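Before any comments, here is the structure.
Computed from the coordinates by the stated procedures, all read-outs in this text should not be read as laboratory data. None of the values given here were measured: they were computed from a predicted structure. Note that each Cβ is placed from the backbone with ideal geometry, even for glycine, and that neighbours are counted across all protein chains shown.
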Amino acid sequence: MKRWHLGLAMILTVLTLGTSRAQEEQKEEPKNEQAAAQPAEEQPAQEEAKQPQEEAKPSEAAPEKKEEAASEEAADAAEDANAKPALGHDALPGVTAKVVVEDLNNPCGIAIQPETGILFISDSGNHRVVKVVDGKVEPVITDFPGDVYGKGPMVNIGPLGLLFLDKNTLVVGGGGLPDGEELLRVYELPADGKPIKAEAMVASFSLAATDEIKGEGNFYALASNGEAIFVTSNGDDTKGWVARATLDGNKVTGYERWLATKEATEVDAPVGVTISPQGYLVVGQMGEINIPGDSLITFYDAHSGNMLLNLKSGLHDICAVAYSKRGQMYVLDYAWADPSQGGLFQVLKDTESETGMRTKKLLSLDKPTAMVFDADGALYVTAIGELGEDGNSKGMLIKIDRDAGL
Amino acid sequence: MRTWRRIGSLLLVLAVGSGAVQGQEKVVEVPPGLRPLPVPGENPLTAAKVALGKQLYFDPRLSVDNSISCASCHDPKLGWSNGEATAAGVGGQRGARSAPSIINAAYHRFQFWDGRASSLEEQALGPIANPIEMALPIDEAVKKIAAIEGYARQFQEVFGEPVNEVNLAKAIASFERTVLSGDAPYDRYKAGDTDALSERAVRGMKLFFGKANCSACHSGFNFTDNAFHNLGVGMDKEDPDVGREAISGLKGDRGAFKTPSLREIARTAPYMHDGSLPTLEDVIEYYNKGGTPNPWLDEEIFQLNLTAEEKADLVIFLKEGLSSEQYPDIEPPELPQ
């Protein structure tokens, strides 16, 4: 797998950026249609493209099937998307957003409850998890431990990443305890909907320090492929771990340091994470917060952990990655050093660029932190917004309607 | 198209990490262990330009009193620094910061300790105009160089125009870009030569990338994250140097300075942004105690609890592992008249 390592001068690989987008680009650039289509079917590039699978271990056969299934869905979704009024992704005015919840404090995580579609948010500065009901927040889990992130600006934090394993099982990544003591907590939400205390988890896991290894903390974001939960963390800065919690059904059975992203990419801090429609683990590597433009988008085999593709995004501090229903990738840029440059970005192919990709800013957002697509295709984004000297903010939940056609 | 849809993917062939000097004249051999040399498109590297820049780099006529050249403070014989805590400019004036080595500066995301220049081209003229360094206003420097026939001819040949502020910077930056150090024992060890490092250096290397937490900041092929960190150095002074904060305006950058590369670190004593630590042993001891407490101390600075043997092993790795036999010991050229 060495050929896929960043250290090599040239890496040839394959990336899916979304079928629907491909169709759009055929409309935009008719001359490229044939050239774009051919490699998928008969050009040598396809052979190169297959190599990650050819070199994969037998245990990785399953994800290939999953990829095919996901792709079928993506194709169907693309057809649906094309049936919508053409708002066009280059038509930025077509992408409108509205603030749907205002009374949050440093919201840092978001998830949608299966079956109900209710939005859950880690209201991190208030040290609690809330849900949004009729446009109002209601406490779900309260009294998380709190901490302060950063030296200036400073951000009060508590719970961070959220992930539902099923309707009633919620996993919460913590940010309020010291490294090594920090917890990944699993909750069974009460049927009566009454709030519970943070300590009422049914299970919790930590990655403690040893004589040789620094403890882990700040479990920023969570993603699952049904076999494991992947957790970005920020303890040992020599490694930049993505931790992995193993799943037995919906039961978390173990938690370990798994992927040393800093060793793989030579750039700091995994933060955003998701599973691509093809089953790859996609990590938004934030980079140094005082260095502009050093964020990476990195693809890993979710089973072996092998790095497949590492893209220099040109963005400052990617903190979230998500795919829309039609398979298009989006990222949020927090832009620590200059938040006016932060926002929601679409990730697009660009064969003219050195990396083969480009990003397009769809929306300026004030310190965005997390995002999730709902079943209808609307995108919800949490943002810290105006941040006070005391580390508290006027955080918000922003909705980008499905009509934006993301 | 149906097949394509079924595959459900837009396939792209992507190139990542390709060298920035493709199609350009090969001027410098990049040593093993380093990445392709980043060269800005607006200043392609040519042998003639590097030769011109080299002359300018070593030429004291770029100072107001013809006493100080770039090489006076960034001396190839002294690790491309000057062997002192701070550097003496014209009239013996001294600033508060040490002269950073320019080895592998080509790869630095920022130049100067506070990162106020984002490229070598942007950096190159700074010391010339700085009143406590070379103290020669740039317009005067341009006139002075233009009056030297050998320079005038070379600028015309290299740039197709007389010397000016922009091409003066480009020439010096081009030379600086070629000052490279790689192919160190660490690189050879990493490439598979298990005899390249001694047993103690290997132990030190493991500490470097583990318990000692060095690679939290000194990461990547050039042993720097290119970022800015508050180590507490000088923060116990009455009026500490605010470092990066003066540039970024962010309070979190107070007392933060750029992470230097550690390649050839054994040659660049004394250490830290103010040159306050004379030896590598002092540096390790400083980190081991967790720096100097202050409100902006980087979270990666904490007590390491290294044993005496571990500290010694770490120093051995730094000295033995990161010093190259191919050190760029460049001799001064003959200067044009």
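Determine one quarter of the surface area of the Cα convex hull of region A:257-406, which equals its mean projected area, and express it in nm² to one decimal.
Details: hull surface 38.4 nm².
Directional mean of the projected Cα hull area for region A:257-406 stands at 9.6 nm².
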(request) Pop the C-beta distance of residue B:238 and residue B:42 into the FRET formula with R0 = 51 Å and round what comes out to the nearest 0.05. (result) 0.70
(request) Averaged over every viewing direction, what's the projected area of the C-alpha convex hull for region B:68-138? Give it in nm², one decimal, please. (result) 4.5 nm²
(request) Identify, among B:226, B:156, B:317, the residue whose Cα sits farthest towards the positive end of the charge dipole of chain B, taking +1 on the Cβ of Lys and Arg and -1 on the Cβ of Asp and Glu, with the dipole about the Cα centre. (result) B:226
(message) Can you divide the C-alpha Rg of region B:23-162 by 2.2 N^0.38 Å and report the result to two decimal places?
(response) 1.08
(request) Report the label-to-label distance for residue A:199 and residue B:191 in nanometres (one decimal), using points 7 Å from each Cα along the Cα→Cβ vector. (result) 5.8 nm
(request) Identify the GluC sites (Glu not before Pro) of region A:208-299 meeting these criteria: DSSP loop state and at most 10 other C-beta atoms within 10 Å of the C-beta. (result) A:212
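From the P(r) of region A:92-404, can you give the percent of Cα pairs sitting at distances over 27 Å? Intermediate results must be reported in sequence, preceding the final value.
Values: 17108 of 48828 pairs.
Here the long-distance tail beyond 27 Å is 35 percent of all Cα pairs in region A:92-404.
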(request) Take peptide B:212-225, look around each residue's Cβ out to 10 angstrom, count Cβ atoms belonging to other protein chains, and average those counts. (result) 4
(request) Show which lysines lie in cross-link reach of residue B:237 when reach means a straight Cα distance below 28 angstrom and same-chain residues fewer than eight apart are skipped. (result) A:151, B:251, B:258, B:289, B:311
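Going from the alpha-carbon gyration tensor of region B:102-212, what semi-axes, largest first and in whole Å, does one get by taking the root of 5 times each eigenvalue? Don't skip to the end; give the middle numbers.
On the way: eigenvalues 329, 59, 21 Å².
So the equivalent ellipsoid measures 41, 17, 10 Å along its semi-axes.
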(request) Mind giving me the nanometre distance, one decimal, between the label points for residue B:303 and residue A:374, set 7 Å out from Cα along Cα→Cβ? (result) 5.2 nm
(request) Evaluate the Debye formula for region B:174-236 with equal point scatterers sitting on the alpha carbons, no solvent, and hand back log10 of I(q)/I(0) at q = 0.12, 0.28, 0.29 Å⁻¹, in q order, two decimals. (result) -0.44, -1.20, -1.22
(request) Sequence neighbours fewer than 8 away in the same chain don't count; with that in mind, list the lysines whose C-alpha is under 24 Å from residue B:26. (result) B:49, B:54, B:170
(request) Could you point to the residue in B:123, B:110, B:70 farthest towards the positive end of region B:47-177's charge dipole, with +1 and -1 charges on the Cβ of Lys/Arg and Asp/Glu respectively? (result) B:110
(request) List every residue whose amide H lies under 5 Å from the amide H of residue B:117, counting only residues 5 or more places away in sequence or on a different chain, with H placed 1.01 Å from N in the peptide plane. (result) B:111
